[in-house]
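Engineer: First the structure, then my questions, so here it is.
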């Protein structure tokens, strides 16, 4: 098909193979946005695209497979979650969607049962369960996904809840958690499960 398109002088955008569809998204999205921009539809902000690429490079340098476990937050968290049921908690002020996506990555990629909830609803539905010392024996590990967009009130609510739970507190550091960190963490947890 690419050969016929080239013969007819149609543009051809080649996408590298070997990736599952969800991992191919950047390869599909950026050319599409640039193509739209060439056809007088408002062009994408190239500075934002370049910034996203730079952020992904930084995340890869910190969380990539060549980064040692002693400095790799994705590998460290995978060790803490090994053999446990992750309970991913976010807030509707910036981290709820990322928390839900992380939960689905555990299910889809790692084949680990995981749970997801959001503040403030979590404080009504799960607070007693998760603060019970016997819950830890059942294998739950709470991961709080924090975001710099949280209001002061939400920050206080989460900080108070944190005192009642044995939670791993994850702060979104310029996209680190909200980006590829989750994918790396799910990958490393999958690798650890294979060695259990």
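The values are calculated or read from the model by the stated rules, or taken from the named source; none is laboratory data. Everything quoted here is computed from the prediction, not taken from an experiment. All Cβ positions, glycine included, derive from the backbone under ideal geometry; neighbour counts span all protein chains shown.
Engineer: Among (1) part of a helix (DSSP H, G or I); (2) at pLDDT 85 or above; (3) more than 25 Å from residue 68 (Cβ to Cβ), there is one condition residue 105 misses while meeting the rest; what is its number?
Structural biologist: Only one criterion is unmet by residue 105, namely (3).
Engineer: Could you name every one of the helices (runs of 4 or more DSSP H) located completely within segment 1-98 that has at least 2 residues being more than 30 Å from residue 143 (Cα to Cα) and in contact (Cβ under 8 Å) with a residue 12 or more places away in the chain? Full working, then the answer.
Structural biologist: Working: elements: 2-7, 25-38, 46-63, 73-81.
In segment 1-98, 25-38 are the helices (runs of 4 or more DSSP H) which contain 2 or more residues that are more than 30 Å from residue 143 (Cα to Cα) and in contact (Cβ under 8 Å) with a residue 12 or more places away in the chain.
Engineer: Give segment 108-129 a look and list any residue that's exposed (fewer than 14 other Cβ atoms within 10 Å of the Cβ), modelled with pLDDT under 85 and touching a strand residue (DSSP E or B) at 6+ places or on another chain (Cβ under 8 Å), or say none.
Structural biologist: Result: 125, single match.
Engineer: Go through segment 101-122 residue by residue and tally those that are touching a helix residue (DSSP H, G or I) at 6+ places or on another chain (Cβ under 6 Å) and under 19 Å from residue 191 (Cα atoms).
Structural biologist: Result for segment 101-122: 7.
Engineer: I'm trying to understand the selection: among the residues of segment 73-93, which are touching a strand residue (DSSP E or B) at 6+ places or on another chain (Cβ under 9 Å) and over 20 Å from residue 124 (Cα atoms)? If you could, list the steps in order and put the result at the bottom.
Structural biologist: The initial filter retains those residues of segment 73-93 that are touching a strand residue (DSSP E or B) at 6+ places or on another chain (Cβ under 9 Å), namely 73, 77, 80-81, 84-92.
Result: 73, 77, 80, 81, 84, 85.
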